[in-house]
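In what follows, a single structure is set out as structure tokens and then discussed.
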Amino acid sequence: MRDTHRVHFGDLAADSHGTADDRPPLVFLHGLSYDRRQWGPALNALATADPDRRVLAFDLPGHGDSARRVSYDLDEVVEVLHQAVTDAGLDAPIVVGHSLGGVLATIYAATYPARGVVNVDQPLLVGGFGEVLRRAEPVLRSPAYAEVWDSMLAGMHIELLPPTAQELVRTATTPRQDLLLGYWHEVMVTPAEDLAERRTRDLETIRSRGVAYHHVTGNEPNPMYRRWLESALPDVTITVLPGSGHFPHLAHPVEFAEILAGGQPADNASK
């Protein structure tokens, strides 16, 4: 069993595990509407795969036990994260982010010292998602806003997860209106081409700094997206954990923990 200490660093609530040593610390960032509880199964598996690894699992601003903010601009959120990481005394962590957390992890590593990024099932090109949100904006700003979230949740294939993981996804979540509008604001107001340029610059910075980047996904990436990702990051590692839907860390916590511990499920990994 892992020892867990519930603490605050900077403005963020966190679960703190392990002891600082020569292994790079791991910082975990959950997805939109969820909280740090989502990492529980993976952290339990990590306690076996990599005992006493230094770990911080944060609640993002406005989520869980972390305070709400007036703005959830992604660059501002990353600054808050860095303040919390600094307050915790961590230097150049590996940043592990699921969904929205994968975007934040990428921006973090392009802005602040980091040893690596593990992006869990988050494409960095928004494609048509911005247009979907713009069409849905009247509903998002209405009392029926939850209908938009529910429609997206239906496409995440929670039914593929073990029953306990399904329960975690359905219950450890608070899709408030201010969170959806705040964290999606950038995608709603910025052309997809401009966002693509920003993410390309982020990846180029990550590449120039020699930061390792691992993309863990539940499905084989779209060929066009894969070409873009590998052109920006030729050394990127892509691992497919099939039968996961949007939650490979919950569908395959043991395999995911092996990745974090520095191993590699060989049958599913590629450059």
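Structure summary
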{"quantity": "Single residue of Leu124, Leu104 found to be buried (at least 16 other Cβ atoms within 10 Å of the Cβ), out of contact with any strand residue (DSSP E or B) (no Cβ under 6 Å at 6 or more places or on another chain) and modelled with pLDDT of 95 or more", "calculated": "Leu124"}
{"quantity": "Of the criteria (1) within 18 Å of the chain's Cα centre (by Cα); (2) modelled with pLDDT under 95, which one Val55 fails", "calculated": "(2)"}
{"quantity": "Meets criteria (among the acidic types (Asp, Glu) and part of a loop (DSSP other than H, G, I, E, B)) for Glu186", "calculated": "no"}
{"quantity": "Set Ala136, Ala109, Ala114: member being under 18 Å from Glu186 (Cα atoms) and buried (at least 16 other Cβ atoms within 10 Å of the Cβ)", "calculated": "Ala136"}
{"quantity": "Answer residue from the range 9-43, given it is small (Gly, Ala, Ser), in contact (Cβ under 8 Å) with a residue 40 or more places away in the chain and part of a loop (DSSP other than H, G, I, E, B) and is surrounded by the most Cβ atoms within 10 Å (Cβ to Cβ) among those", "calculated": "Gly31"}
{"quantity": "Candidate set from the range 139-165 (those that are more than 29 Å from Ala212 (Cα to Cα) and of a type in the set (Gly, Ala, Ser)); member that is surrounded by the most Cβ atoms within 10 Å (Cβ to Cβ)", "calculated": "Ala146"}
{"quantity": "Every residue from the range 206-223 that is surrounded by fewer than 16 Cβ atoms within 10 Å (Cβ to Cβ) and either closer than 17 Å to His98 by Cα or among the polar types (S, T, N, Q) (or both)", "calculated": "Ser208, Asn219, Glu220, Asn222"}
{"quantity": "Qualifying residue in the range 79-88 (condition: closer than 16 Å to Gly18 by Cα and buried (at least 19 other Cβ atoms within 10 Å of the Cβ))", "calculated": "yes"}
{"quantity": "Total residues in the range 174-216, condition over 13 Å from Tyr72 (Cβ atoms) and touching a His at 6+ places or on another chain (Cβ under 9 Å)", "calculated": "2"}
{"quantity": "Condition check for Leu229: touching a Gly at 6+ places or on another chain (Cβ under 8 Å), surrounded by 15 or more Cβ atoms within 10 Å (Cβ to Cβ) and part of a helix (DSSP H, G or I)", "calculated": "no"}
{"quantity": "In the range 182-195, the residues that are surrounded by fewer than 18 Cβ atoms within 10 Å (Cβ to Cβ) and within 18 Å of the chain's Cα centre (by Cα)", "calculated": "His185"}
{"quantity": "Selection count where residues are part of a helix (DSSP H, G or I), over 18 Å from the mean Cα position of the chain (by Cα) and touching a residue at least 12 places away in the same chain (Cβ under 8 Å), scope the range 171-180", "calculated": "2"}
{"quantity": "Which listed residue, of Asp50, Asp59, is in contact with a Ser or Thr (Cβ under 8 Å, 6 or more places away or on another chain) and within 30 Å of Pro162 (Cα to Cα)", "calculated": "Asp59"}
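The values are calculated or read from the model by the stated rules, or taken from the named source; none is laboratory data. The model shown is predicted, which means the values in this text are computed figures rather than measured ones. Counting neighbours? That spans all protein chains shown, and the Cβs are built from the backbone with ideal geometry, glycine included.
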